[in-house]
Amino acid sequence: MKLGINGLGRIGKLTLWRHVARPHFEGVVVNLGRNVGTSLQDLAQSVEKDSTYGRLETYLHGFHGGRVIENLDEQAGTMTINGLPVQFLRTARNPREIGWRDHGARLVVDCTGVFADPTQPADAASGSLRGHLAAGAEKVILSAPFKIKTKGLPMPEDATTLIAAINDATFDPQRHAVLSAASCTTTCLAFMMKPLLDRLGADKILSASMVTIHAATPSQVVLDALPAAGALDLRKTRSALNNIILTTTGAAKALKLVIPEMGEIAFMAESVRIPTLAGSLVILTLNFQSDHPDHDADGGINRAVINGIYREASEGPYQGYLGYSEAQNVSADIIGFPKAGAVIEAQETHTRTAYARVDLSHLPQIPPEMAGAAHGKLRVPVTQAVVYGWYDNELGSYANMLGDLTVRVAEQMV
């Protein structure tokens, strides 16, 4: 089977890197939809050099590496990368016109970020994810969360959101054709929440919130620019080089798609962009219903308990995807870290248990006589916890996780 990749932006390029590093497919077909530079050599140079991760040959072979891109054929648009044949298509931009069938690409990863609506038909004028299916692909994976433009439309039956090692076992090759690999932030958050839910259950968590301190992305601008007509968020056109910029994230909504239990928990998510190339952080705050007012009591939820849950999960069911670190890390330490959906910064896990005062008169389920007997107030022990999780929002975490999901989907395609 050949793999198709649509788009060669940040995730598209690093997806290519991942698949030439750990080849599973007999070849890769990359659709660019346009010419690059003045020759195929210019394209090869763009593929082999990266300002964040260095040179491709160093990524593949360390200091022993020589050039790994060979056999360039300008007319055919082909080259060999680390021994793997790769063909570049430079004509069609609309997915339904790419012709995956002619090139033997049965599985396609769309990394353009443009076609995110799974409800759009294959013949949509501006293109759609389903256009890849019309062009001959059997499955298409979106390297971003789904975004349904028309309010009220349900998720199609053949569409699903998957994260490797979290819910990829729910993939049904007979039913699912349009897949989303969620986002880098949702992936990190999933590996931070799932071990807690596995051990403690959703009933134990009263509420949760997260803030991602996120590296800059290509959607931002280098220097200040004028907002487009009708733009509501003026911060998106401010320089990414020297600003901390408040923005939004769909991680809370997407997380419910991969971990349904999250629908039982009050949860909110925020995002802050900072001027770094890669390496991001999720700060997760949780409120637990505590069994013991004393946070040191046996059986209570405390720092040691939470770190123990993550340590065991990193050595057990999520080994290779969840990292646990007792070192003092900075964001550069996570860049390129292989296959880690999240790395828990265990030294910074903090908990505190105290009584929360609940006004029973605000709870309609409480009979008046019970509220009166308690003098209208109830003291409830609540433990608040703060957990830090690092993730490489490009290659180390997301592109590698996307690559593993792609291989697992391919293995179930007959």
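Any chance the stretch 32-41 includes a residue that's assigned to a loop (DSSP other than H, G, I, E, B), among the polar types (S, T, N, Q) and free of Cβ contacts under 8 Å to residues at least 12 places away in the same chain? Within the stretch 32-41 (the criterion being assigned to a loop (DSSP other than H, G, I, E, B), among the polar types (S, T, N, Q) and free of Cβ contacts under 8 Å to residues at least 12 places away in the same chain), the answer is yes, since at least one residue qualifies. The single condition from (1) free of Cβ contacts under 8 Å to residues at least 40 places away in the same chain; (2) in contact with a helix residue (DSSP H, G or I) (Cβ under 8 Å, 6 or more places away or on another chain) that residue 282 fails is (1). Checking each residue in the stretch 335-356 for being modelled with pLDDT under 95 and of a type outside the set (D, E, K, R) picks out 335, 336, 337, 338, 340, 341, 353, 354, 355, 356. Exactly one residue out of 126, 46 is hydroxyl-bearing (Ser, Thr, Tyr) and either in contact (Cβ under 8 Å) with a residue 40 or more places away in the chain or more than 30 Å from residue 156 (Cβ to Cβ) (or both): that is 46.
For the residues 185, 170, the requirement of being in contact with a Phe, Trp or Tyr (Cβ under 8 Å, 6 or more places away or on another chain) and closer than 20 Å to residue 404 by Cα singles out 185. Going through the stretch 1-35 one residue at a time, which ones are of a type in the set (Val, Ile, Thr) and in contact with a strand residue (DSSP E or B) (Cβ under 8 Å, 6 or more places away or on another chain)? Once the filter is applied, which keeps residues that are of a type in the set (Val, Ile, Thr) and in contact with a strand residue (DSSP E or B) (Cβ under 8 Å, 6 or more places away or on another chain), the stretch 1-35 yields 5, 15, 20, 28, 29, 30. All told, residue 257 meets the bar of being touching a residue at least 40 places away in the same chain (Cβ under 8 Å) and either within 16 Å of the chain's Cα centre (by Cα) or more than 30 Å from residue 201 (Cα to Cα) (or both).
Looking across the stretch 219-272, the residues that are more than 15 Å from residue 209 (Cβ to Cβ), assigned to a loop (DSSP other than H, G, I, E, B) and touching a strand residue (DSSP E or B) at 6+ places or on another chain (Cβ under 7 Å) come down to 220, 222, 223, 224, 238, 240, 244.
Report yes if some residue within the stretch 49-67 is in contact with a Lys or Arg (Cβ under 8 Å, 6 or more places away or on another chain), in contact (Cβ under 8 Å) with a residue 24 or more places away in the chain and either of a type in the set (Ser, Thr, Tyr) or under 25 Å from residue 218 (Cα atoms) (or both); otherwise report no. Checked against the condition, which is being in contact with a Lys or Arg (Cβ under 8 Å, 6 or more places away or on another chain), in contact (Cβ under 8 Å) with a residue 24 or more places away in the chain and either of a type in the set (Ser, Thr, Tyr) or under 25 Å from residue 218 (Cα atoms) (or both), the stretch 49-67 yields at least one hit.
The values are calculated or read from the model by the stated rules, or taken from the named source; none is laboratory data. Everything quoted here is computed from the prediction, not taken from an experiment. Positions of Cβ are generated from backbone atoms using ideal geometry, with glycine treated the same way; all protein chains shown enter the neighbour counts.
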